[in-house]
1. Give the residues of the stretch 2-32 that are among the small types (Gly, Ala, Ser) and within 16 Å of LEU178 (Cα to Cα), sorted by residue number.
2. Let me spell it out: the conditions are (1) away from the ligand (no atom under 14 Å from the Cβ); (2) under 25 Å from ALA182 (Cβ atoms); (3) not hydroxyl-bearing (Ser, Thr, Tyr); (4) not in a loop (DSSP other than H, G, I, E, B), and GLY114 meets all of them except one. Which number is the exception?
3. Which of (1) out of contact with any strand residue (DSSP E or B) (no Cβ under 7 Å at 6 or more places or on another chain); (2) buried (at least 20 other Cβ atoms within 10 Å of the Cβ) does ILE117 not meet, given it meets every other one?
4. Using beta carbons and a limit of 8 Å, which pairs, at least six apart or on different chains, have the first residue in the stretch 139-166 and more than 18 Å from LEU99 (Cα to Cα) and the second one within 12 Å of the ligand (Cβ to nearest atom) and of a type in the set (Val, Ile, Thr)?
5. Restricting the stretch 3-18 to residues that are among the hydrophobic types (A, V, I, L, M, F, W, C) and at pLDDT 95 or above, which is farthest from the ligand (Cβ to nearest atom)?
6. When you scan the stretch 41-52, do you find a residue that is among the polar types (S, T, N, Q), in contact (Cβ under 8 Å) with a residue 24 or more places away in the chain, surrounded by 20 or more Cβ atoms within 10 Å (Cβ to Cβ) and under 19 Å from ALA203 (Cβ atoms), even just one?
Amino acid sequence: MKKIDRNTSAAFDVDAQRGFTPLCPNELPVPGGDTIVEELNAQAVFARVRVASKDCHPNKAPWIASSPAEVLTPVAGNYPNLDVKWPAHCVVGTEGNLLIPGLPGENDYDLVVGKGIDPEKHPYGACYHDLANSESTGVIEFLKENGIKPVIVGGLATEYCVHQTATQLLNAGFAVVLNLGACRGLDAQVIEKAVEGLRNLGAIVIESAAELNAA
Ligand code: VGL
């Protein structure tokens with residue numbers, strides 16, 4: 001059991017968007033990605049503040065793969081904020097950009113931050129717009145202004161955006177509770193490594209919100 005003081009806690013829904021679920025099979029579907037809703041809502045009960053991040057991509061960008069064979073190949077050219085190619089996903093104005101059904105309306109979050117808006121930047125973590133972690137999305141400042149200490153984190157995908165976001169939060173001085181029940185990822189071995197890395201940085205890892213207890 002992990003005691004959580006609701007008054008100083010936040011819940012963070014990282015990229016819990018349809019484009020990362022089987023609801024949008026042509027984007028970046030994470031198996032079971034659409035089944036995290038119950039756990040995200042359950043963890044939010046323990047938090048005074050609930051925030052979300054969304055990939056808000058344009059429909060044309062140098063990182064968009066033009067064929068399945070291009071996926072995960074390096075982006076050519078001088079783009080310091082791009083690494084590899086991905087299928088188009090979570091494009092603004094499309095279904096993939098929407099939050100997964102069953103989550104609150106965007107208006108009901110305390111803050112929703114968009115990332116990946118600039119076609120020449122494809123960040124993973126939700127706290128910065130760039131890969132060097134220098135252009136804040138504002139979420140760290142928002143959480144600090146609200147007196148938040150622990151952040152309960154879930155979302156998609158575990159070994160990419162969730163891992164990076166949790167790392168950024170730890171580095172910013174927050175306590176992080178990683179709720180694996182509220183996450184889904186792609187590769188079991190990579191997920192295990194990512195989770196181990198977060199544990200080593202000080203994250204508390206839980207299997208579900210049932211392990212939380214109001215302080
Ligand atoms: C993600 C790969 C590419 C994620 C985003 O949200 O985890 N993964 N873009």
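1. SER9, ALA10, ALA11, ALA16
2. (1)
3. (2)
4. GLU159/VAL190; GLU159/ILE191
5. Out of the qualifying residues, it is ALA10.
6. Yes, that holds for at least one residue.
Residue-by-condition table, conditions (1) out of contact with any Cys (no Cβ under 7 Å at 6 or more places or on another chain); (2) hydroxyl-bearing (Ser, Thr, Tyr):
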| site | (1), (2) |
| --- | --- |
| LYS115 | no, no |
| HIS129 | yes, no |
| ILE140 | no, no |
| THR158 | no, yes |
| VAL162 | no, no |
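The values are calculated or read from the model by the stated rules, or taken from the named source; none is laboratory data. Since we're looking at a predicted model, the values are computed, not measured. Every residue, glycine as well, gets a Cβ built from its backbone with ideal geometry; the counts of neighbours run over all protein chains shown.
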